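Notes to accompany the following structure.
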Amino acid sequence: MPTVSVGRDRLFAALGRTYTQEEFEEVCFSFGIELDDVTTEKAIIRKEKHLDDDAVDEDEEVIYKIEVPANRYDLLCLEGLAQALRVFSREEEVPTYKLANISKESMIKMHVKPETSSIRPHVVCAVLRGVTFTEASYNSFIDLQDKLHQNICRRRTLVAIGTHDLDTLQAPFTYESLPPSSINFVPLKQAKNFRADELMEFYRSDLKLKKFLHIIENSLVFPVLYDNNRTVLSLPPIINGAHSAITLKTKNVFIECTATDLTKAKIVLNTIVTAFSAYCERKFEIEPVKVIYSDGKSYIYPDLSIYNMDVSLSYVNGTIGVSLEAEEVTDLLNRMQLRAEQSVSGDITVFVPPTRSDILHPCDVMEDVAIAYGYNNIPKRKPASLKPLALNELTDRIKLEIAMDGFTEVLTFILGSWRENFAMLNRKDDKSKAVVVGNPRSSDFELVRTSLMPGVLKTVGHNKDHPKPIKIFEVGDIALLDEKKDVGASNRRQLAALFCGASSGFELIHGLVDRVMESIGAAFVPIGDDSGYFIKPSDEPEFLPRRQASIIYKGKNIGTFGIVHPEVLNNFDIPDPCSFVELNIESLL
């Protein structure tokens with residue numbers, strides 16, 4: 001989970017009181033976060049440089065490293081963390097964020113050119129007016145952008161953030177996509193002008209920026225933002241322009257987020273403006289920006305709308321294991337920055353603010369209630385006896401029977417290659433069975449197995465020097481395409497067993513089949529009798545002709561056993577004869 005480093009004294013000042021370390025650890029635990037480490041800025045530097053001097057200067061600022069949930073982007077900076085803890089401690093009400101009341105005509109506008117759709121199609125913007133930065137809040141502002149870039153922005157591949165001193169720019173702005181040789185500007189922290197293609201070479205030696213170059217360097221066009229005077233704001237996702245760099249004296253901040261994922265861009269923009277609107281002249285007020293696309297569609301950002309979610313009170317109580325009244329639940333949710341009220345039906349209506357993008361489902365609301373209530377306060381109880389599923393009971397019984405017959409259990413990969421699943425077994429793929437993995441990382445894992453046979457044969461092939469005979473079995477799931485299922489496929493529990501030795505051991509595998517069927521109480525009956533099981537000749541390509549049989553149980557074909565075809569054995573590099581059985585356990589229920 002992400003770790004946020006904050007100065008202890010500055011954090012305590014924001015909280016309005018001081019704590020001992022033990023007290024603060026308790027506060028963090030109650031809120032669902034953790035004080036991970038206590039250090040100093042100089043100690044961090046000494047550790048990075050591998051210095052052994054552990055002496056601590058009394059004047060060094062104490063740094064708290066606080067671990068926060070990965071989906072709580074609002075807690076990635078001191079401002080959001082302190083505000084959340086103040087609300088949790090009932091020292092402050094949940095803030096209300098609002099857009100500045102200005103007409104659409106007077107809004108700052110961002111025009112998006114159609115060419116951007118080929119590389120980075122989305123942009124969202126906002127303005128913070130009348131901001132007062134201190135050195136600490138300025139550093140926190142920059143640090144939050146870095147943390148968001150590493151977290152939800154996925155190292156700038158999904159979203160890239162640009163912040164600018166609005167007073168140095170002239171609206172309206174344009175978001176364009178141009179050939180690298182056509183883009184010229186002075187990048188941040190540089191003094192000379194660069195073409196965009198020159199910048200790619202220049203930053204190859206930059207430890208921080210070189211890891212972002214791959215995002216656009218092979219593109220024929222680069223995304224770029226201009227103001228009305230054709231001054232470059234930024235070359236996302238690489239670098240901002242030096243002209244509009246923000247400083248401690250900046251009063252009006254223009255924020256733009258270009259993205260390939262619009263939803264994440266909105267979350268990132270909301271996270272930044274809600275956290276730092278506290279420093280605005282009009283607290284918690286954000287000036288909107290109108291984004292206009294080439295097709296005439298326009299959108300106003302940021303989207304600070306609150307959406308409602310109805311949550312069943314019985315669901316909350318039943319899942320946590322408590323008996324809370326609606327008033328208690330709403331009070332607990334208010335402590336977690338979720339305004340809530342009792343609905344007419346007696347359930348809970350939750351008003352999710354723009355800071356809580358992690359609230360997606362009633363289970364998220366339930367979790368916040370549990371956190372605010374206190375996990376240690378939830379009554380301990382023994383769960384009621386749970387009866388195992390019939391399939392699992394039968395599976396365990398069969399595994400025990402086979403193990404007592406001297407077979408060793410193996411576990412193989414569920415994913416496999418097309419070649420192993422079909423060609424190496426002499427089978428043809430009619431495209432009606434195998435669940436194929438999209439964009440597999442390796443050809444070894446390109447589909448979900450449709451049989452346990454490849455994995456078992458591979459095990460023998462890799463252990464062919466093991467003393468003979470080899471007697472192994474596996475019980476596991478396969479997956480087959482199934483149009484009747486909402487996910488398009490279904491799992492099936494299979495049993496496979498193999499004997500490998502100087503002789504084929506066909507009679508041993510046949511005897512194992514009889515033992516398994518006897519263990520479930522199935523009688524061997526004449527062919528055509530559906531009261532038990534019988535065997536009849538089969539014609540599967542992975543087995544020798546006339547040395548194989550199908551297992552018919554209550555009129556259904558549940559499996560096949562026989563001597564493995566020499567071609568198949570050769571494909572898996574197995575020099576000794578083998579007999580194999582595979583049957584469907586679910587058919588035995």
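The values are calculated or read from the model by the stated rules, or taken from the named source; none is laboratory data. What you are looking at is a predicted structure, and each value in this text was computed from that prediction instead of being measured. Cβ atoms come from the backbone with ideal geometry, glycine included; neighbour counts cover every protein chain shown. Accessible surface areas use protein heavy atoms only, side chains included; no ligands, DNA or RNA. Shrake-Rupley method; radii C 1.70, N 1.55, O 1.52, S 1.80 Å.
Matching residues to (1) at pLDDT 90 or above; (2) in contact with a Lys or Arg (Cβ under 8 Å, 6 or more places away or on another chain); (3) over 19 Å from residue 581 (Cα atoms):
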position	(1), (2), (3)
432	no, no, yes
439	no, no, yes
442	no, no, yes
451	yes, no, no
454	yes, no, no
466	yes, no, yes
476	yes, yes, no
481	yes, yes, yes
485	no, no, yes
Apart from one, (1) touching a residue at least 24 places away in the same chain (Cβ under 8 Å); (2) open to solvent by 10 Å² or more (accessible area, probe 1.4 Å) all hold for residue 92; the odd one out is (1)
Sole residue being farther than 25 Å from residue 171 by Cβ, open to solvent by 60 Å² or more (accessible area, probe 1.4 Å) and either touching a residue at least 24 places away in the same chain (Cβ under 8 Å) or not assigned by the TED database to the domain that holds residue 112 (or both), chosen from 209, 199, 213, 220
220
Which residues, taken from segment 487-508, are touching a Cys at 6+ places or on another chain (Cβ under 9 Å) and either at pLDDT 90 or above or buried (at least 22 other Cβ atoms within 10 Å of the Cβ) (or both)?
498, 499, 500, 501, 505
Residue 186 being touching a strand residue (DSSP E or B) at 6+ places or on another chain (Cβ under 6 Å), open to solvent by less than 80 Å² (accessible area, probe 1.4 Å) and at pLDDT 95 or above
no
The one condition in (1) charged (D, E, K, R); (2) under 30 Å from residue 256 (Cβ atoms); (3) outside any loop (DSSP other than H, G, I, E, B) that residue 358 fails to fulfil:
(3)
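Let's see how each residue does on (1) in a helix (DSSP H, G or I); (2) assigned by the TED database to the domain that holds residue 543; (3) at positive phi:
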{"site": "381", "(1), (2), (3)": "no, no, no"}
{"site": "395", "(1), (2), (3)": "yes, yes, no"}
{"site": "399", "(1), (2), (3)": "yes, yes, no"}
{"site": "406", "(1), (2), (3)": "no, yes, yes"}
{"site": "412", "(1), (2), (3)": "no, yes, no"}
{"site": "419", "(1), (2), (3)": "yes, yes, no"}
Give the number of residues within segment 391-430 that are touching a Ser or Thr at 6+ places or on another chain (Cβ under 8 Å), among the β-branched types (Val, Ile, Thr) and within 13 Å of residue 452 (Cα to Cα).
2
Mind telling me which of the residues 487, 460, 475, 456 ends up being within 26 Å of residue 566 (Cα to Cα) and not in a helix (DSSP H, G or I)?
475
Can you pull out the strands (runs of 3 or more DSSP E) entirely within segment 284-351 that have at least 3 residues that are in the same structural domain as residue 110 (by the TED database) and of a type in the set (Val, Ile, Thr)?
285-293
List the residue pairs whose Cβ atoms are under 6 Å apart, where the first residue sits in segment 417-430 and is without any contact (Cβ under 8 Å) to a residue 40 or more places away in the chain and more than 14 Å from residue 567 (Cα to Cα), the second is among the hydrophobic types (A, V, I, L, M, F, W, C) and outside any loop (DSSP other than H, G, I, E, B), and the two are 6 or more positions apart or on different chains.
418/447
Please count how many residues of segment 545-572 are outside any loop (DSSP other than H, G, I, E, B) and open to solvent by less than 50 Å² (accessible area, probe 1.4 Å).
15
Restricting attention to segment 413-446, the residues that are open to solvent by 60 Å² or more (accessible area, probe 1.4 Å) and hydrophobic (A, V, I, L, M, F, W, C) number exactly 6
Which pairs turn up if I take residues in segment 135-148 that are under 12 Å from residue 2 (Cβ atoms) and in the same structural domain as residue 65 (by the TED database) and look for partners that are among the polar types (S, T, N, Q) and surrounded by fewer than 22 Cβ atoms within 10 Å (Cβ to Cβ) with beta carbon separation below 6 Å, at least 6 apart in sequence or on another chain?
none
Options 575, 541, 526: the member that is in a loop (DSSP other than H, G, I, E, B), of a type outside the set (S, T, N, Q) and in contact with a strand residue (DSSP E or B) (Cβ under 7 Å, 6 or more places away or on another chain):
526
